[in-house]
Each structure stands twice: as structure tokens, then as C-alpha cells.
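A short worksheet on the structure shown next.
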Amino acid sequence: MQGGIPSPMLFNILFDFVIRKVIDEASVAGVKFSYGGNDFFHGSREKYENCNVLALLYADDLVAMCETTDDLEKFIRSFEKITQKFGLTMSVKKTCIMTSQQLKEDQHGKVLTGQEVDHPSIDINIRNQKIETADSFTYLRYTITRDQRQDTELEIRLEKTARAFNMLRYSIWHRKSVSIVSRLRIFRACVLPVLLYGGEVWSFTTTQERRITSFYTRCLGTIIGVNLCDRMSNDKLLEITGQPSIEDILCRNRRRWFGNVNRAVYDDNEASLIKKVIFSYFHDEKRPQSIGIRKRWEDKVMLDIDALQIRNWRSLTQDRDRWGKAININVQTKAVHNNIKEIVFEYKQRAVGRRAKERAVAQEVVQRKVTELSRKDRNNQYKCAGCVKNFRPQGITNHVKACIKARAWCNKNKIG
């Protein structure tokens, strides 16, 4: 049966049955949220219901969330007991514990930056093996950290995308037999999904958005043969390649995921667990005001919606087709510029001339023309400073360079 078509379904049924047994025996509530309605704004008089999230399952991966150490230990020991009973074994090496970062507060309730609350170490042993305590862990290829920042996830995304991009560098990007249109299609199909994996839930800072934008434009520049020395602006690069900006793509992905979640209801019109978590909050809790306000995911979504001037998102998200047209306005892929090769060549030539001038300045040799230092007569001719002969503008510079009598004058005026 192993490797057969029914195997995954049978395993999911068994694992779901085991988890239900574990929850019944452990009697642990999990993390408590409040869900009031399909909105991010919650008033003091809003009616709400409490919902608990304890375990998240995907195939054989399990995430358990508890509010206290005792509840976590009780759940783990119940899980170990039940799985052993049904012939399953928990891998202690692949299991880790992570606690959320909690900062100290002074007597006025202000958060003390960089000072964490001292908690006793968590010591849970299974089969004489201690479960490791980690500062971050990866679930479904998404990295979560104690401080809920996304710097680590961004580094991992950029590293994996760079590896995928460089695998095609000599076989696709630098091969002249592959057209630019085909290269861009391969980039969108093979590289861009690696970069945007999990981007629906990102809430990057401005600095992080600049990093991912810089990486995206460098990839496009490599595809068409432009480097940093050519000094092509990002707007010009996107214009001639016909590609949307990475900021617009990220905003579109967030809006699309938000619309999918907002439509997620059961047959009895009850909101799904994902929808409840998205619109959930901690009742009677406020965000600290003394450490700066980081934009949350819902703040980013509202900014994305306001950018499109959508005022009726609550009803518009229920219509999938209309919502799709509204959020895809700025991310349409356009045709590649007809003269893209000529434009790239022009920028290359400018770069060559610019580098030549920079080298000349570095060597303290300024390339100057005789016509810039001499005056022309009535016949539109210039006089050589050495032999005092008259020449047309097209020939005076070359003559002065070759004239022995004008050599001292050339050295004085830096004509070489």
C-alpha cells in the first residue's frame, strides 16, 4: 500500500483521528482569539465570539500553539502516548519549541526596548531526549521568528531565488539563441514563483521592499544584458521589458489572498477558521505605543485597497470576477519594446564613453579640442599655434597634435 494512490488519504484520515484523540486527552484550549465580524476595525460595543486555535495540520507536519508551558507539556506528552498506541513515532530531532518575544514594561506601562521578560527555560524530555528550544523554525517552507520580524524570511527567499536564477544563467540568460521574450517567460514561470512564495502574508518595511525591488530589477537587467554600470533606471527597465513592478505584484497577491479568505465560508454560511483568524484580535488588549508602530498585514491590505480607490471591498470581494479585475489593473504584462536591443546598445555606448572620460580624469588627461581654445577667422578657419597655418575645423586638431612646433602648446593646454 505504501506509495499507492490511496496512501496519502488513508494517512490523513489516521492522523486526523489521532489528533482528535490527543486533544480529548490533553484537554488543552490553545490560543484564545476574539472574532467579531468581517472587519479589521473593532469597537468597544462590538459583539464577538471567542475561538481557540490549538493545532495546525498539513500532511505529517503539526504545529501546536499553547499559552502556557504546562499546557504545551501536557499536549506533547499526550501526543507521544497516543501516537505510540497507534504505531506512530514522533521525531524528537525534528521537533522544536519556540516562545514569542515579550518585552519588559516600566512603571508607566512603556515598553523597554531590547529588554526581554525573563522566563524559566522549557525542559521537556521525550524518550530521554530533550526537545530543542529554537529562535526560529520553518513551517511549510516559511520561516517564523520569535520577534515576528521577516528579515530572516527575506534572506532565505533571496538566497533561494538567486540560486534558481543562477542555474539558468549560462543556459538561458546568456544564450543569444534564446529571444528576450522567451527569457522573460521562463523568468516568470521558473524564478518569480520562488521569489514570491508566501508573499501573500508579507508585511515588509520600506527597507525590505527596496531590497526585493533591487533584486528583481537586477534579474531583469541580466536577462536583457544590462548591468549597473549602464545606469538604466528602474522605470526605463520595466518600460522596455513590459514587466510590472515587484511592489504592484506583491500588492496584487495580498489583495487576491484577502479576497479568497473573505469568501471562505462553510455551507451554513459560517466563517471558516482561516477567515476567523484573519479578522481576529485580542479583546481588551492594545498595541504598545512606545516602541513605534510596525505596519501589520491588515494595515498593508487596507493601504493596497485604498491605492486602487476601492470603497466597497466588503461586497466586491464576494464577486470573484469583479474583484479579480479590480486588483489586476497594475500588474498586466505588456509587450516587449520593439527596439529593445537598440536601446540596450545605446546605453552600452553611453557607458563606454562615460568610463573613458572617467579614466581620462583619473589620469589627469582631459581630452580637449583645439576649436575650444582657438578663435576662428572670417573664413571659418583656425590658426595653428606652432606653424601659424590655417586649417578647417575638421583638420586643425589632428594637425596640432602632429605639429612639432605646437607640442609645447599642446602640453600646456592638455591636448593629447
> Karplus couplings for segment 345-352 from phi (6.51 cos²θ - 1.76 cosθ + 1.60, θ = phi - 60°), rounded to Hz, Gly and Pro as x?
Replying inline: 4, 5, 5, 5, 5, 4, 5, 5
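Mind sorting Glu298, Glu342 by how few other Cβ atoms lie within 10 Å of their own Cβ, fewest first?
On the way: Glu298 16, Glu342 10.
With the fewest neighbours first, Glu298, Glu342 line up as Glu342, Glu298.
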>> Can you give me the long-range amide H partners of Lys104? Hydrogens built in the peptide plane at 1.01 Å from N, cutoff under 5 Å, separation of 5 or more residues or another chain.
In response: Leu112, Gln115, Glu116, Val117
>> As I understand it, the value is the acute angle between the Cα axis of helix 206-224 and the longest principal axis of the Cα atoms of the chain; what does it come to in degrees, rounded to 10?
In response: 60
> Which whole-Hz couplings ³J(HN,Hα) result when phi for each residue of segment 316-321 is put into the Karplus expression 6.51 cos²θ - 1.76 cosθ + 1.60, θ = phi - 60°, listed in order with x for Gly and Pro?
Replying inline: 5, 5, 6, 9, 4, 5
> Can you give me the Cα centroid spacing of segment 56-104 and segment 365-416 in angstrom?
Replying inline: 86
>> Apply the a/c threshold of 1.5 to the C-alpha gyration tensor of segment 1-65 and tell me whether it is rounded, prolate or oblate.
In response: prolate
> Considering every Cα-Cα pair within segment 366-416, what fraction, in whole percent, is farther apart than 16 Å?
Replying inline: 28
> Per residue of the chain, what 222 nm ellipticity follows from adding -39500 (n - 2.57) for every DSSP H run with n ≥ 4, rounded to the nearest 500?
Replying inline: -13000 deg cm²/dmol
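Could you tell me what % of all Cα pairs in the chain have separations over 42 Å? Walk me through the numbers before you get to the answer.
On the way: 34925 of 86320 pairs.
Percent of Cα pairs beyond 42 Å in the chain: 40.
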>> Just to check I understand the Karplus step: with θ = phi - 60° and J = 6.51 cos²θ - 1.76 cosθ + 1.60, what whole-Hz values come out for segment 86-99, glycine and proline as x?
In response: 9, x, 10, 10, 7, 7, 5, 5, 8, 9, 9, 10, 9, 9
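Computed from the coordinates by the stated procedures, all read-outs in this text should not be read as laboratory data. Bear in mind that the values here come from a model prediction, so they are computed numbers and not experimental data. For neighbour counting, all protein chains shown are included, and Cβ atoms are generated from backbone atoms with ideal geometry for every residue, glycine included.
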